[in-house]
Amino acid sequence: MASTDIEFSKQMALRGLAEAPAVAAAVAVASPKENTIQDTVVPITEAQEMANLKQVILGWRELESEVSILNAQIREKRKRQKALEEVILRIMNKHNIGALDLKGSGGRLLLRRQTTKTTLNPKVLEELLTEHLKSKDAATNAMEFIVKNRGSKVRERLLYEKGE
């Protein structure tokens, strides 16, 4: 059992919500009529937790597969949407149209221009530092310092790997 699970169990036992050897598990309950998920706390033992692991993994894999299929469909629809948007933008720019009233829906299409900053990757950062510091060596030293002292973030997630 992980140290966080043990600590959680101790806290639950102190509050009288679970017995000391039991682990409280959060169970997501999806409502079919509403697109909401409720979290409920159900005390279970380690043996029950291990017995349920297979079913939980199977459910997770099934959802992972469904999400993958839906993401592929979303990617395809976004490609089509982007192509249509490019056509509309080209026509609006060509004819200098800032807004179009849509009679069917009562809405409007507006042409918005927004300027954003470019990405700040290591190559661009080094070029800008070289220009500002007027020295390639000083820029390289500054880049090394930035890379060494740059913060990092740990993210954990599950990944399913198909067996051969």
> So which residues in the stretch 99-133 are within 29 Å of the chain's Cα centre (by Cα) and closer than 18 Å to ILE146 by Cβ, if there are any at all?
Replying inline: LYS117, THR118, THR119, LEU120, ASN121, PRO122, LYS123, VAL124, LEU125
> Restricting the search to the stretch 109-122, which residues are surrounded by 10 or more Cβ atoms within 10 Å (Cβ to Cβ) and not hydrophobic (A, V, I, L, M, F, W, C)?
Replying inline: PRO122
> Within the stretch 61-108, which residues are of a type in the set (Ser, Thr, Tyr) and exposed (fewer than 10 other Cβ atoms within 10 Å of the Cβ)?
Replying inline: SER105
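Results for (1) touching a strand residue (DSSP E or B) at 6+ places or on another chain (Cβ under 6 Å); (2) β-branched (Val, Ile, Thr); (3) farther than 19 Å from TYR160 by Cβ, shown as yes or no for each residue.
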position	(1), (2), (3)
LEU58	no, no, no
ARG61	no, no, no
SER68	no, no, no
ILE74	no, yes, yes
GLU86	no, no, yes
LYS94	no, no, yes
> Is there a residue being among the charged types (D, E, K, R) and touching a helix residue (DSSP H, G or I) at 6+ places or on another chain (Cβ under 7 Å) anywhere in the stretch 120-135?
Replying inline: yes
>> I need every pair where a residue in the stretch 144-163 that is assigned by TED's automatic domain parsing to the domain that holds LEU58 has its Cβ under 9 Å from the Cβ of a residue that is exposed (fewer than 10 other Cβ atoms within 10 Å of the Cβ), sequence separation at least 6 or different chains.
In response: none
>> Any residue in the stretch 111-124 that is on the phi < 0 side of the Ramachandran plot and assigned by TED's automatic domain parsing to the domain that holds MET143 sitting within a Cβ distance under 9 Å of a residue that is hydroxyl-bearing (Ser, Thr, Tyr) and in a loop (DSSP other than H, G, I, E, B)? List the pairs, counting only those 6 or more apart or interchain.
In response: VAL124/THR118
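The values are calculated or read from the model by the stated rules, or taken from the named source; none is laboratory data. What you see is a predicted model; the values in this text were computed from it and never measured. All Cβ positions, even for glycine, are placed from backbone atoms using ideal geometry, and neighbour counts span all protein chains on display.
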